[in-house]
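Single-structure report; data block below.
The values are calculated or read from the model by the stated rules, or taken from the named source; none is laboratory data. Since we're looking at a predicted model, the values are computed, not measured. Reconstructed Cβ throughout: ideal geometry from the backbone, glycine too, with neighbour counts over all protein chains shown. Quick note on the areas: whole protein, heavy atoms, side chains included, nothing else; ligands and nucleic acids left out. Shrake-Rupley method; radii C 1.70, N 1.55, O 1.52, S 1.80 Å.
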Amino acid sequence: MKVKRVHKVAVCLLLAIVAVVVWTVTCPRNPFDVPYSTVVADSNGRILAAHISSDGQWRFPPADSVPYKFEQCILEFEDSRFYSHFGVDILSLLRAAYQDIKNMKIVSGASTITMQTVRLWRREDRTFCEKFVEMMLAVRLEMRLSKKEILALYAAHAPFGGNTVGLETASIRYFGRPATNLSWAEAAMLAVLPNSPSLIHISKNRHLLLRKRNELLDRLYIKGVISEETCALAKDEPIVESPMLYQNLSLQLLDRLSSEASQGVVRTTIDYSLQKQVDDVLNRHVKKLHESGINNGAALVLDVATGDVLAYVANSQNFDGDDIENGNYVDCITAPRSTGSILKPFLYAAMLTDGQILPNTLVADIPTQISGYMPQNYRHTYDGAVPANRALARSLNVPAVKMLQTYGGEKFIPFLKKVGLTTVNQSSDYYGLSLILGGCEATLWDLCGAYASMTRSLYGYVDHQNLYNSADWHAPNLYYNRSVKRTGTIADFHNESFMSASAVYFTLDALTKVEKPDAELGSEFFESNQTVVWKTGTSFGFRDAWAIGTTPKYVVGVWAGNADGEGRPGIVGIQAAAPILFDILKLLPKSSEPFSIPYDDLTTAKVCVKSGYIAGDNCEQSEERQIPAVGANFKTCPYCHLEHFDQSLKYRVTTDCESPWNIVHKKWFVLPPAMEYYYRMKNPDYKVLPPMRSDCLAHSGGDIHVPFQIVYPENNAKVFIPKGLDGTLEKMVIEVSCRNHDEVLYWHLDGAFIGETSGVHKLAVSASKGQHLITIVDRYGNSVKRSFEVM
């Protein structure tokens, strides 16, 4: 019988132990079933912005720990034996019972911080029965969590007056800083509030709150927690006048992250101080632009090495009092906008990578019409021919369109997707050649990410011993724990890339030659010898102003305009966005470190000084230059020829009309007539090729260098001619450039003579709807033809 009893007792004990274990383990680590505010914090945990929780309370999620000062204050005020009891303080229970019986009413409580945590969690009426339940659950909580965890739970859910719940929330609301930065006076004030949260009603209870705070400070001094001097100084601090409004440094970022993380603290890579400074710079400038009807702006700062976002200012403040009308609620960092000229560097890099151009290769800059599209340079002038790197530095539109026509839109769109532009998702036929001048849309987010990746890939190539890391190309990163480290597996490294290191280097080098701004725009920045490249862009109709700057360590992107797309004359990259860019660059650490040079992706070759192509046998001037290592793909100079002259050097001749013994051979740089016409205006040292001698023309049947060229229309162009008031088609003007200004040209339309020109070679032509052929002949029999269609 005794054995059976022992067995029963053992079984009961075992069951009891199992029950206790299960009871303990099933206690949730955070038993609070309450909604939390969405909080966006910087890289150090400092709050940038917050949304109120769904139940109307400002309640931040629990922190991992409680700051030392508040811990000392709350334990002294509420539960001095917190670290020695098991959730229920027996001594306090006995003391409270004695005082309540003696006074015949409840005058003292015995709730520990653990019990108060349970009460906050259960939110039941305060009865003796509920008190017992709280004691039991407090013991359970003590068995499940550490003391530090219980204290953190209590601090996160204690009431601090009004709809302010939790220590961190109260610290930000009442003092404007994190709880870790509270003074002793501030920590003491917050420690007395959960016991009587109504004390925060400043107008009624200010004196009582002050008295309780000072009594607590005295107790801390008596116990030796603080010194006499610290106590005196703390008691001299005034009570906060009134709760502060939350300073949301980026409501748009808060909205963006709220959709990705419904509630809780989202720790970002942002630097709080830089965010505030960039916000101030942007608003200062947009306030001035607002006078010209420009209401919005955005700025983004990235770390090149990681792509981490250091500042995210998605829109400017509203200066009219109507956020809806001015669109100040819009996240202009993620809103697709017309790109203007901001994509030109990527086209330049793509063509360098493919070996289609060298840095100084001449590109045509002449009046151009392609399938009805007629691009114009910003200043409505032409250079005839311009080195590709200078065309990029000066952001010339016509050369960019010519380059895209050569490279091919069907190749460039996939290239842009690899770069990181997620909004370029139509076909090349949809965009046409205007793609390079703002015919597509991109976001400031994607553009800054692309510029950062481009720079990062250059450094990656050099750092990884001439291997490309595909992981270098990625979107910007906002999340603190997701920073992309510059490492990779073997599979990530390759010998080739869609954008070569040399192409990146020459692109950045070209952008260093962008014309420096005047003093108002930040010339003092350049005088400091800091390494920076930058590019601006302006969309058609003056709707978007862009400026993106890159240093070896940072990328800064700025957009300015109107969120609703309304155009204004002042929405120009160099005027509206560039000044903001340079003021932000001044906030970043200064460095004169140059961009890395990818020596192993460079080679040397003889390059024609005049044309920028690989030098041929007939190039009079050539020099050794560094070029991309894909040099086998580059073309030799098409403009330098060996020409044959008579003894006077005034006429070109052939052996059909001149004795070989009298012929002088000279190397000559010859541009096509249309390019030559504009080129010689900007380059007075350009020597026009002398004409063929008349008797030589008779023998040869014409000049191999036809001395004139049709500028407009392009071959096989579709021309739209408007109708006049009488319903008939108006005339179209055909333009020809001629090497000899005084030459007489004879014009034929569809085989019929229609006129002649001399000096200015333009002729107004009446052409009916349909296909036509224009033929132009000079007196020596040289001719050019051009087909076009009138629509």
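A few comments on the model shown:
- Among the residues of the stretch 413-433, those identified as more than 23 Å from T455 (Cβ to Cβ), surrounded by fewer than 13 Cβ atoms within 10 Å (Cβ to Cβ) and not small (G, A, S) are N425, D429, Y430.
- Tally, over the stretch 242-301, of residues that are in contact with a His (Cβ under 9 Å, 6 or more places away or on another chain) and open to solvent by less than 40 Å² (accessible area, probe 1.4 Å): 3
- Subset tally (residues that are out of contact with any helix residue (DSSP H, G or I) (no Cβ under 6 Å at 6 or more places or on another chain), at pLDDT below 85 and assigned to a loop (DSSP other than H, G, I, E, B)) for the stretch 110-135: 5
- Q376 vs. criteria at pLDDT below 90 and open to solvent by 20 Å² or more (accessible area, probe 1.4 Å): yes
- Every condition in (1) open to solvent by 20 Å² or more (accessible area, probe 1.4 Å); (2) closer than 30 Å to E291 by Cβ; (3) of a type in the set (A, V, I, L, M); (4) not in a loop (DSSP other than H, G, I, E, B) holds for L642 except the one numbered (2).
- Complete set of residues in the stretch 483-502 that are at pLDDT 70 or above and not aliphatic (A, V, I, L, M): D492, F493, H494, N495, E496, S497, F498, S500, S502
- V670 being touching a Gly at 6+ places or on another chain (Cβ under 7 Å) and surrounded by 16 or more Cβ atoms within 10 Å (Cβ to Cβ): no
- Taken as a whole, the structure places G439 among residues that are at pLDDT below 95, outside any helix (DSSP H, G or I) and buried (at least 17 other Cβ atoms within 10 Å of the Cβ).
- Within the stretch 683-705, the set of residues being assigned to a loop (DSSP other than H, G, I, E, B), out of contact with any Gly (no Cβ under 6 Å at 6 or more places or on another chain) and modelled with pLDDT under 70 comprises G701, D703, I704.
- Residue within the stretch 355-375 that is in contact with a Pro (Cβ under 9 Å, 6 or more places away or on another chain), closer than 19 Å to L435 by Cα and of a type in the set (S, T, N, Q) present: yes
- Just one of the listed residues (N283, N214, N295) is polar (S, T, N, Q) and either touching a Cys at 6+ places or on another chain (Cβ under 7 Å) or under 30 Å from A188 (Cβ atoms) (or both), namely N214.
- Selection within the stretch 157-171 - small (G, A, S) and open to solvent by 10 Å² or more (accessible area, probe 1.4 Å): G162
- Residue match in the stretch 656-679 (condition: more than 17 Å from H644 (Cα to Cα), at pLDDT 90 or above and not in a loop (DSSP other than H, G, I, E, B)): yes
- Count - residues of the stretch 65-83 that are under 15 Å from E149 (Cα atoms) and assigned to a loop (DSSP other than H, G, I, E, B): 5
- When residues of the stretch 574-614 are limited to those that are surrounded by fewer than 18 Cβ atoms within 10 Å (Cβ to Cβ), touching a helix residue (DSSP H, G or I) at 6+ places or on another chain (Cβ under 9 Å) and charged (D, E, K, R), the one nearest to G384 (Cα to Cα): D600
Conditions (1) surrounded by fewer than 24 Cβ atoms within 10 Å (Cβ to Cβ); (2) at pLDDT 95 or above, marked per residue:
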| site | (1), (2) |
| --- | --- |
| D354 | yes, no |
| T381 | yes, no |
| P387 | yes, yes |
| A400 | no, yes |
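- Residue check, R173 touching a Pro at 6+ places or on another chain (Cβ under 6 Å), touching a residue at least 40 places away in the same chain (Cβ under 8 Å) and of a type in the set (D, E, K, R): yes
- Elements of type strands (runs of 3 or more DSSP E) in the stretch 718-764, at least 1 residues being open to solvent by less than 60 Å² (accessible area, probe 1.4 Å), of a type outside the set (K, R) and more than 28 Å from Y679 (Cβ to Cβ): 744-749, 752-758
- Scanning the stretch 765-780 for residues that are in a loop (DSSP other than H, G, I, E, B) and at pLDDT 80 or above returns S766, A767, S768, K769.
- Pairs where the first residue, in the stretch 60-71, is of a type in the set (S, T, N, Q) and the second is modelled with pLDDT of 85 or more and open to solvent by 20 Å² or more (accessible area, probe 1.4 Å), C-beta under 7 Å, 6+ apart: S65/K148
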